[in-house]
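Data first, discussion second: the structure below is written as structure tokens.
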Amino acid sequence: MVKLGSAHSNAGEREPKPGADAAFLESNQEVHFHAEGRADIYAWVERMLRRHDYPKLSRADKGLVHRYVMKMTGRSRAQVTRMIGQFGKTQAVRVTPYRRRSLHASTRRRMWRCWWKSIKPMGG
């Protein structure tokens, strides 16, 4: 059985001491997790998964770690699942850089010309 800490944690501090049980996860106790940004949160999650040797845990223990990460970071179930999946594939949890999704400039110009030709001149 995995023992998780319920102590408050900062990204720069040591991990919480073991000792809490699943009741902590079910409680409405407020948790303060201070991190400078996404990279700090992702690093904490990676440390947590490594410390508990996540791939070798039983299904029940994986669920416990999953809920603990959700509670400590404030991330959604989907976000935590994505981070754990990334850890399973690469043994790391990294911030994915933003990729702008837009059309290439030449495509935008062609579309603009096509639209401009398709409109009828006003008053003529």
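See the values below:
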{"item": "Rounded to whole Hz, the Karplus (6.51, -1.76, 1.60) HN-Hα couplings of region 55-64, x for glycine and proline", "result": "x, 8, 6, 6, 4, 5, 5, 4, x, 5"}
{"item": "Nitroxide proxy distance, nm - points 7 Å out along Cα→Cβ at Thr90 and Leu103", "result": "3.1"}
{"item": "Proximal charge balance of Arg77 [Cβ under 12 Å; K/R count +1, D/E count -1]", "result": "+4"}
{"item": "Peptides ranked, highest mean first, by Cβ atoms within 10 Å: ranges 103-111, 54-62", "result": "54-62, 103-111"}
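Only the coordinates and a few stated rules stand behind these numbers; no lab work does. From a predicted model like this one, the values you see are computed outputs, not experimental measurements. Counting neighbours? That spans all protein chains shown, and the Cβs are built from the backbone with ideal geometry, glycine included.
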